[in-house]
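The values are calculated or read from the model by the stated rules, or taken from the named source; none is laboratory data. Remember, predicted model here, so these are calculated numbers, not experimental data. Note that we place each Cβ from the backbone using ideal geometry, even for glycine, and neighbour counts take in every protein chain shown.
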Amino acid sequence: MTPSDGPAKDGLESAFRPEDDTAFRLAQLLLLLEVIHTNGWSAGLDRLGMLDFFAANPFLIVNEDDPAYKRLVLAGFAAKPITYASPGQRFATRRSRIQHDLSLLVSYELAKVEVSEGFRTFVITPKGISVSLELKSLYADSYRSSAEIIGSRLHRLSDKKLQENCRSWLRADPALLDLYGN
């Protein structure tokens, strides 16, 4: 439900969550693709989904003892986000939307699909870079910082190691993540 949808059927106002808004998710993905491009990384659909989720939820990976912790706090991230869903549930929800969101970015010519080392990857287009650079806000800067920190860690991991770490970071029952397709 978006703020313009009005009250819910039961007469109660539903809480608006930015991640439920398509434009917000597209902007985040565009920022992530910009960071990936800037750093010369590549990412297929699954890896991009993990990067996207953990960049928005960096404290699932970064703990207080980590040198990047202060940088994330100063960038505006809260170590204890306000949410009722478990990390595994939030990950599954976000993962279910990423293919749709990437399809929209491709249709708007802000991203394109390429083949790199035999794998399908998503890359930002020059038009996408131009639009991404216009995203100037405290949140955009914070998300870029988080994407840089998380991306620098995740891009070095093999797919198998990334899957293993993902289970640990989400603190989820392995059977539950298998249901989500991980």
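So the check is Cβ under 7 Å with 6+ separation or different chains; which pairs have a first residue in segment 96-112 that's in contact (Cβ under 8 Å) with a residue 60 or more places away in the chain and a second one that's of a type outside the set (Ser, Thr, Tyr) and loosely packed, with under 14 Cβ neighbours inside 10 Å?
From residues that are in contact (Cβ under 8 Å) with a residue 60 or more places away in the chain, the pairs are 110/127.
Could you tell me which of the residues 102, 154, 110 is within 14 Å of the chain's Cα centre (by Cα), crowded, with 17+ Cβ neighbours inside 10 Å and farther than 19 Å from residue 72 by Cβ?
Working: 154 fails: farther than 19 Å from residue 72 by Cβ; 110 fails: within 14 Å of the chain's Cα centre (by Cα).
So the residue among 102, 154, 110 that is within 14 Å of the chain's Cα centre (by Cα), crowded, with 17+ Cβ neighbours inside 10 Å and farther than 19 Å from residue 72 by Cβ is 102.
Take the conditions modelled with pLDDT of 95 or more and acidic (Asp, Glu) and apply them to residue 13. Does it pass? Steps first, answer last, please.
Numbers: modelled with pLDDT of 95 or more: no; acidic (Asp, Glu): yes.
For residue 13, the condition - modelled with pLDDT of 95 or more and acidic (Asp, Glu) - is not met.
How many of the residues making up segment 113-130 are touching a strand residue (DSSP E or B) at 6+ places or on another chain (Cβ under 9 Å), in contact (Cβ under 8 Å) with a residue 60 or more places away in the chain and under 16 Å from residue 28 (Cα atoms)?
Residues that pass the stated criteria total 4.
Collect the residues in segment 107-153 that are over 18 Å from residue 44 (Cα atoms) and of a type in the set (Asp, Glu), keeping them in residue-number order.
The initial filter retains those residues of segment 107-153 that are over 18 Å from residue 44 (Cα atoms), namely 108, 126-127, 129-146, 149.
Across segment 107-153, the qualifying residues are 134, 141.
Scan segment 133-155 and give yes if some residue there is in contact with an Asp or Glu (Cβ under 9 Å, 6 or more places away or on another chain), acidic (Asp, Glu), closer than 26 Å to residue 68 by Cα and modelled with pLDDT of 85 or more, otherwise no.
No, the conditions are met nowhere in segment 133-155.
Looking only at segment 59-98, filter to residues that are assigned to a helix (DSSP H, G or I) and exposed (fewer than 12 other Cβ atoms within 10 Å of the Cβ); which one of those is modelled with the lowest pLDDT? Full working, then the answer.
Of all residues in segment 59-98, those assigned to a helix (DSSP H, G or I) come to 59-60, 68-75, 87-98.
Okay, now just the ones that are also exposed (fewer than 12 other Cβ atoms within 10 Å of the Cβ), so 70, 74.
On the way: 70: 84, 74: 79.
Within segment 59-98, the match that is modelled with the lowest pLDDT is 74.
How many residues does segment 36-81 contain that are of a type in the set (Val, Ile, Thr) and closer than 17 Å to residue 124 by Cα? If you could, list the steps in order and put the result at the bottom.
Here is the first cut: in segment 36-81, the ones of a type in the set (Val, Ile, Thr) are 36, 38, 61-62, 73.
Now narrow it down to the ones that are closer than 17 Å to residue 124 by Cα: 36, 38.
Number of matching residues: 2.
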